[in-house]
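To start, the structure under review is shown below, and the notes come after it.
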């Protein structure tokens, strides 16, 4: 009888522990993409998703990552690799979704007069509002805010770097075009575009002036810029990588002759343009044999390393 009573007591104790454990709230949490609907001024009608890792840094860096035409923020979050890097290094990622309708589906506006003027409206103002929201809501570091994007998102990256050099410390552009390359909305489709028909060729001074005119009163430090393009890109001609490089080296007051060249990975031909202190202000990477398919494996990590938020 004593043994039976002891066994029953043990079972009851086990049940109590189990019930208590089930009653306790779980401390486990998996970070997920969240849509924010009221983030501030939104003249472009863009949507905002944000990814906050489970263990963000104190005053975490903020990265804006933008999709190409026909894509969306959640899709780019899934395919680009930035969420895994955010988990690893503790930064926040904002994924805007464009709603501007074009022949290629929804694209970020880089053709309208509003998109070429600081505070002018359209998508640049919407994305700047998203950044302000992240700074206020999540304690994001205003000195460590970055922007990147692919194709249409890369074009918008160049626009944001030109319009908001006081917001972004650096940017990484995949398959973009120089800021103000498109004359207007009619110039956007490639079959009728002066920008992407392979013949756009302006002087570095003209490209640089376009950036300086976007925010005439700015006299602070310009963002560092990383540029990527595939040599076999038939949609956005590879030649535009040269035009982008000329634009940003001129903005930084640098020669168009690289200070160094290297091959950080097989098929990546990199040109570095450093200032007198040896800091690389512009980095241009030609991806041998690649088409309109960037970013590819390892490129998001290279962008994060260029930003300087990879713990290195």
- Message: Tally up the residues in the stretch 83-113 that are surrounded by fewer than 24 Cβ atoms within 10 Å (Cβ to Cβ) and under 22 Å from residue 311 (Cβ atoms), please.
- Response: 7
- So which residues in the stretch 208-224 are under 22 Å from the mean Cα position of the chain (by Cα) and not in a helix (DSSP H, G or I)? 215, 220, 221, 222, 223, 224
- Which of the residues belonging to the stretch 278-312 are farther than 26 Å from residue 62 by Cβ and part of a loop (DSSP other than H, G, I, E, B)? 278, 288, 289, 290, 291, 292, 293
- Pull up the stretch 42-69, narrow it to residues that are in a loop (DSSP other than H, G, I, E, B) and closer than 15 Å to residue 106 by Cα, then point me to the one that is nearest to the chain's Cα centre (by Cα). 67
- Could we say that residue 149 is at pLDDT 95 or above, in contact with a strand residue (DSSP E or B) (Cβ under 9 Å, 6 or more places away or on another chain) and assigned to a helix (DSSP H, G or I) here? no
- Which number in (1) outside any helix (DSSP H, G or I); (2) in contact with a helix residue (DSSP H, G or I) (Cβ under 6 Å, 6 or more places away or on another chain) marks the one condition that residue 166 misses? (2)
- Query: Taking residue 171, is it surrounded by 24 or more Cβ atoms within 10 Å (Cβ to Cβ), in contact with a helix residue (DSSP H, G or I) (Cβ under 8 Å, 6 or more places away or on another chain), without any contact (Cβ under 8 Å) to a residue 60 or more places away in the chain and under 23 Å from residue 233 (Cβ atoms)?
  - Reply: yes
- Message: Need the failing condition index for residue 254 against (1) in contact with a helix residue (DSSP H, G or I) (Cβ under 9 Å, 6 or more places away or on another chain); (2) outside any strand (DSSP E or B); (3) crowded, with 21+ Cβ neighbours inside 10 Å, just the number.
- Response: (3)
- Task: For residues that are in contact with a helix residue (DSSP H, G or I) (Cβ under 7 Å, 6 or more places away or on another chain) and crowded, with 24+ Cβ neighbours inside 10 Å, tally how many sit in the stretch 123-149.
- Result: 9
- Screening 227, 240, 183, 235 for residues that are assigned to a helix (DSSP H, G or I) and either surrounded by 22 or more Cβ atoms within 10 Å (Cβ to Cβ) or out of contact with any strand residue (DSSP E or B) (no Cβ under 8 Å at 6 or more places or on another chain) (or both) leaves only 240
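The values are calculated or read from the model by the stated rules, or taken from the named source; none is laboratory data. From a predicted model like this one, the values you see are computed outputs, not experimental measurements. Positions of Cβ are generated from backbone atoms using ideal geometry, with glycine treated the same way; all protein chains shown enter the neighbour counts.
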